[in-house]
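Trainee: Take this structure, written in structure tokens, and hold onto it; I'll ask about it next.
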Amino acid sequence: MAPPTPPVVNFITGNANKLTEVKAILEPAITVNSQSLDLPELQGTLEEVTLEKCRVAAQKVGGPVLVEDTCLCFNALNGLPGPYIKWFMQSIGHEGLNNLLAAYDDKSAQAVCTFAFSKGPGHEPLLFQGKTDGKIVPARGPTFFGWDPIFEYEGETYAEMDKAKKNKISHRYKALEKVRVWVEGGMNE
């Protein structure tokens, strides 16, 4: 008898680095297919942004989807830049992000990853969230994956970490573990 076929999720992303991490964390237990869609970047809380992205993606795909939104929340700035980190990175970069905290002693931050899954159009998305506490430091390590070089966890930036190590402690890992448990449990609401 052939082994059971793993469940499949359709992850909506155009970011190759995110896709690589998601596959590394979920496969082979869950097969990850990917599709790139141009989704609106709404304003609101991380949860509101992720839920709406999921609803729009499910409508565009016409079927089940998994979407993700990542935040970098500076405690001294009451959670900003939060869900707007992508735009902050593009406009001010690593040095600019550090400069936002120059006037503050508190350099602590929280990396937050929220996944939303919808069975398709008309189905309310489910949220899965993971958080990792760290601090903001001057950039160290390779600079090819977003804000990884400035987020330090236990003495290393995400960029300095071995990928396997990062994939066992990161905010994305913590959220995906919740996704994995839910999918392996039969994806019942």
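Trainee: For segment 43-69, give me each residue that is part of a helix (DSSP H, G or I) and either under 12 Å from Gly120 (Cα atoms) or among the hydrophobic types (A, V, I, L, M, F, W, C) (or both). Please lay out each step first, then the result.
Mentor: Let us first name the residues in segment 43-69 that are part of a helix (DSSP H, G or I), namely 46-61.
Listed by number, the residues that qualify are Leu46, Val49, Leu51, Cys54, Arg55, Val56, Ala57, Ala58, Gln59, Lys60, Val61.
Trainee: Select, from Leu97, Leu101, Leu127, the only residue that is in contact with a strand residue (DSSP E or B) (Cβ under 6 Å, 6 or more places away or on another chain) and in contact (Cβ under 8 Å) with a residue 40 or more places away in the chain. Reasoning before the result, please.
Mentor: Working: Leu97 fails: in contact with a strand residue (DSSP E or B) (Cβ under 6 Å, 6 or more places away or on another chain); Leu101 fails: in contact (Cβ under 8 Å) with a residue 40 or more places away in the chain.
Matching residue, one of Leu97, Leu101, Leu127: Leu127.
Trainee: Could you please tell me which pairs satisfy a Cβ distance under 6 Å, a separation of 6+ or placement on different chains, a first residue in segment 147-167 that is under 25 Å from Ser91 (Cβ atoms) and of a type outside the set (Gly, Ala, Ser), and a second residue that is part of a loop (DSSP other than H, G, I, E, B) and open to solvent by 50 Å² or more (accessible area, probe 1.4 Å)?
Mentor: What qualifies is Pro149/Ala139; Pro149/Arg140; Pro149/Thr143; Ile150/Ala139; Thr157/Arg140; Glu160/Arg140.
Trainee: I've got another one for you. Among the numbered conditions (1) closer than 18 Å to Thr157 by Cα; (2) open to solvent by less than 30 Å² (accessible area, probe 1.4 Å); (3) among the charged types (D, E, K, R), tell me where Glu68 comes up short.
Mentor: (1)
Trainee: If Glu47 meets every condition in (1) over 17 Å from Asp148 (Cα atoms); (2) out of contact with any Pro (no Cβ under 7 Å at 6 or more places or on another chain); (3) in contact (Cβ under 8 Å) with a residue 40 or more places away in the chain; (4) crowded, with 19+ Cβ neighbours inside 10 Å apart from one, which number is that one?
Mentor: All conditions pass for Glu47, except number (4).
Trainee: In segment 50-62, how many residues are under 21 Å from Lys178 (Cα atoms) and either of a type in the set (Lys, Arg) or open to solvent by 10 Å² or more (accessible area, probe 1.4 Å) (or both)?
Mentor: First pass over segment 50-62, keeping only residues under 21 Å from Lys178 (Cα atoms): 50-55, 57-58.
Checking the rest, the ones that are also either of a type in the set (Lys, Arg) or open to solvent by 10 Å² or more (accessible area, probe 1.4 Å) (or both) come to 51-53, 55.
Matching residues across segment 50-62 total 4.
Trainee: Just the residues that are under 27 Å from Glu52 (Cβ atoms), modelled with pLDDT of 95 or more and in contact with a helix residue (DSSP H, G or I) (Cβ under 7 Å, 6 or more places away or on another chain), please, taken from segment 117-151.
Mentor: Pro125, Leu127, Phe128, Gln129, Gly130, Lys131, Thr132, Trp147
Trainee: Could you tell me which residue of segment 3-40 is surrounded by the most Cβ atoms within 10 Å (Cβ to Cβ), considering only residues that are under 13 Å from Glu68 (Cβ atoms) and at pLDDT below 85?
Mentor: That would be Val9.
Trainee: Within segment 157-183, restricting attention to residues that are among the charged types (D, E, K, R) and within 22 Å of Lys86 (Cα to Cα), which residue is surrounded by the fewest Cβ atoms within 10 Å (Cβ to Cβ)?
Mentor: Taking segment 157-183 first, the residues among the charged types (D, E, K, R) are 160, 162-163, 165-166, 168, 172, 174, 177-178, 180.
In the following step, the residues that additionally are within 22 Å of Lys86 (Cα to Cα) were identified as 160, 163, 166, 172, 174.
Numbers: Glu160: 16, Lys163: 12, Lys166: 23, Arg172: 25, Lys174: 19.
The extreme case among them is Lys163.
Trainee: Quick one: in segment 81-103, of everything that is outside any helix (DSSP H, G or I) and touching a helix residue (DSSP H, G or I) at 6+ places or on another chain (Cβ under 8 Å), which residue is surrounded by the most Cβ atoms within 10 Å (Cβ to Cβ)? Can you show your working first?
Mentor: Going through segment 81-103, the residues outside any helix (DSSP H, G or I) turn out to be 81-84, 101-103.
Next, from what is left, pick out any that are touching a helix residue (DSSP H, G or I) at 6+ places or on another chain (Cβ under 8 Å): 81-83, 101.
On the way: Pro81: 20, Gly82: 19, Pro83: 25, Leu101: 20.
Here the residue is Pro83.
Trainee: Okay, moving on. Within segment 104-118, track down each residue that is open to solvent by 30 Å² or more (accessible area, probe 1.4 Å) and in contact with a His (Cβ under 9 Å, 6 or more places away or on another chain).
Mentor: Within segment 104-118, the first condition is being open to solvent by 30 Å² or more (accessible area, probe 1.4 Å), and the residues that meet it are 104-108, 110.
The one that is open to solvent by 30 Å² or more (accessible area, probe 1.4 Å) and in contact with a His (Cβ under 9 Å, 6 or more places away or on another chain): Gln110.
The values are calculated or read from the model by the stated rules, or taken from the named source; none is laboratory data. Computed from a predicted model, the values in this text were never measured in an experiment. All Cβ positions, glycine included, derive from the backbone under ideal geometry; neighbour counts span all protein chains shown. Side chains are part of the model used for accessible areas, which takes the heavy atoms of the whole protein and leaves out ligands, DNA and RNA. Shrake-Rupley method; radii C 1.70, N 1.55, O 1.52, S 1.80 Å.
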